[in-house]
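Enquirer: Below are the structure tokens for one structure; questions will follow.
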Amino acid sequence: MNDVKKVARINRLMDLYGSLLTKSQFDIMSDYYSCDLSLSEVSEIRKISRTAVSDALKKATDKLENYEKKLGLCRVFDSFDDEQSRAVIDKIEERVKDGI
């Protein structure tokens, strides 16, 4: 998988499952993938080593991939056309507002 596809996939998984990560994992993933910061920049901001950033990225990515493997939300949304996707998203948002 090339870098652009990998970043797009990670960002999509973050949209779907990011709230299931720890705050620290989410923040590091966001800094690196969404803000396009380097390992060094993330380590300076977070006051941790580059190795710790790299480890956090690996663990968080593995978690996200595991959630997708088990829940398959990307596959579900990929199987819908835009109108169907919007309807499913609207239902999910309605149920979340109602407290499921």
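Computed from the coordinates by the stated procedures, all read-outs in this text should not be read as laboratory data. Every value quoted in this text rests on a predicted model; they were computed, and no experiment measured them. Cβ coordinates were reconstructed from backbone atoms using ideal geometry, including for glycine residues, and neighbour counts include every protein chain displayed.
Enquirer: Among Tyr17, Thr61, Ile89, pick out the residue whose Cα is farthest towards the positive end of the charge dipole of the chain, where Lys and Arg carry +1 and Asp and Glu carry -1 on C-beta, about the Cα centre.
Expert: Thr61
Enquirer: Between the DSSP loop rule and a limit of at most 13 other Cβ atoms within 10 Å, which trypsin sites (Lys or Arg not before Pro) in segment 1-73 are left?
Expert: Sites meeting the loop and neighbour criteria: Lys47.
Enquirer: For an R0 of 30 angstrom, estimate the FRET efficiency from the Cβ-Cβ distance between Phe26 and Lys91 and round to the nearest 0.05.
Expert: 0.75
Enquirer: Under 19 Å between alpha carbons: how many lysine pairs meet that in segment 1-67, if sequence neighbours fewer than 8 apart on the same chain are excluded?
Expert: Here the count comes out as 11.
Enquirer: Please state the relative contact order of segment 3-70 as a whole percent: Cα pairs under 8 Å, 6+ residues apart?
Expert: About 38 percent, as a whole number.
Enquirer: Rg and Dmax of the chain, Cα atoms, in Å?
Expert: For the chain, the Cα-based Rg and Dmax read 15.5, 45 Å.
Enquirer: Over all alpha-carbon pairs in segment 23-70, figure out the percentage whose distance exceeds 12 Å.
Expert: Counting pairs separated by more than 12 Å, the tail of P(r) holds 58 percent.
Enquirer: Any idea what angle helix 50-71 forms with the longest principal axis of the chain, computed on alpha-carbon atoms, 0 to 90 degrees, nearest 10?
Expert: Roughly 20 degrees between the two axes.
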